[in-house]
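Working notes, structure below.
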Amino acid sequence: MNIPRHVAIILDGNGRWAKSKGMPRNYGHVQGAKNIENILSAAHDMGIRYVTMYAFSTENWNRPKDEVDALMSLLHSYMKTCLRTAKKNNMKCRVIGDLTRLDEGTQKRIRQLEEASRDYDGLNFTIAINYGSRDEIVRAVRQMIGDGRKPEEITEELISAYLDTKELPDPDLLIRTSGEMRLSNYLLWQLAYTEFYFTDIPWPAFSSRDLEDAVAYYNQRERRFGGVQKSEEDTNV
């Protein structure tokens, strides 16, 4: 089986999953956070090298204040959990997005996590927090201007080097859970030639078997990167 090198995931459906069980939305977020460890472990066992998860978008601030506060508290505590997991599993962790809006305590934990895990060489785990792809591109353009880049210097490679994901290969496979079929401002530049897999399963219920199904679907795809696949007859001309 051809294993994707980099899998990006949109963690969707926490609130709806909780509601289906007669529980508050925040219960779904807590269970969704717990499921991250299960899927990271499964990804590592399968040989996936990079996993990037969309945890909190720039648009998520528009949710009800009590839900946002609960999510921020959960993210703060998860950084500590992730630090333990990184040490245990030799996992390198990064956090992308505009982190300036996060409270200082959470920013400190993010710095500690990235510093402590920077030399680990197992699974590469990236968490997108207060991330929006349009915001990312705007920040990149502003930085290029600030660095005095000339118009003739601007290339696809240079733009990629200014993005939050500059240390990562582009995703091979995108998974979105809970039935929605849109990108929601996630990795718009990086997903140019990524294969998409949408499932109705909500994130808290998404299992290692479901990850295997997504990779099996990926194996059925014929990646062309904008080119035209030549037939056997063409190649023998």
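Only the coordinates and a few stated rules stand behind these numbers; no lab work does. Just so you know, these numbers come straight off a predicted model, no measurement behind them. Note: ideal-geometry Cβ built from the backbone for every residue, glycine included; neighbour counts use all protein chains shown.
I'd like to check something: does the range 78-88 contain any residue that is closer than 24 Å to ALA161 by Cα and assigned to a helix (DSSP H, G or I)?
no
Go through the range 89-105 and report how many residues are of a type outside the set (Asp, Glu) and either outside any helix (DSSP H, G or I) or buried (at least 20 other Cβ atoms within 10 Å of the Cβ) (or both).
Number satisfying all stated conditions: 9.
Looking at (1) in a helix (DSSP H, G or I); (2) in contact (Cβ under 8 Å) with a residue 24 or more places away in the chain; (3) more than 17 Å from the chain's Cα centre (by Cα), which one does TYR120 not meet, given that it meets all the others?
The one condition TYR120 does not meet is (1).
State whether one or more residues within the range 44-51 are in contact with a Lys or Arg (Cβ under 8 Å, 6 or more places away or on another chain) and part of a strand (DSSP E or B).
Yes; the residues of the range 44-51 include at least one that is in contact with a Lys or Arg (Cβ under 8 Å, 6 or more places away or on another chain) and part of a strand (DSSP E or B).
Taking the residues in the range 62-77 that are of a type in the set (A, V, I, L, M, F, W, C) and free of Cβ contacts under 8 Å to residues at least 40 places away in the same chain as candidates, determine which candidate is nearest to THR106 (Cα to Cα).
Going through the range 62-77, the residues of a type in the set (A, V, I, L, M, F, W, C) turn out to be 68, 70-72, 74-75.
Filter once more, keeping what is free of Cβ contacts under 8 Å to residues at least 40 places away in the same chain: 68, 72.
Details: VAL68: 14, MET72: 8 Å.
The qualifying residue nearest to THR106 (Cα to Cα) is MET72.
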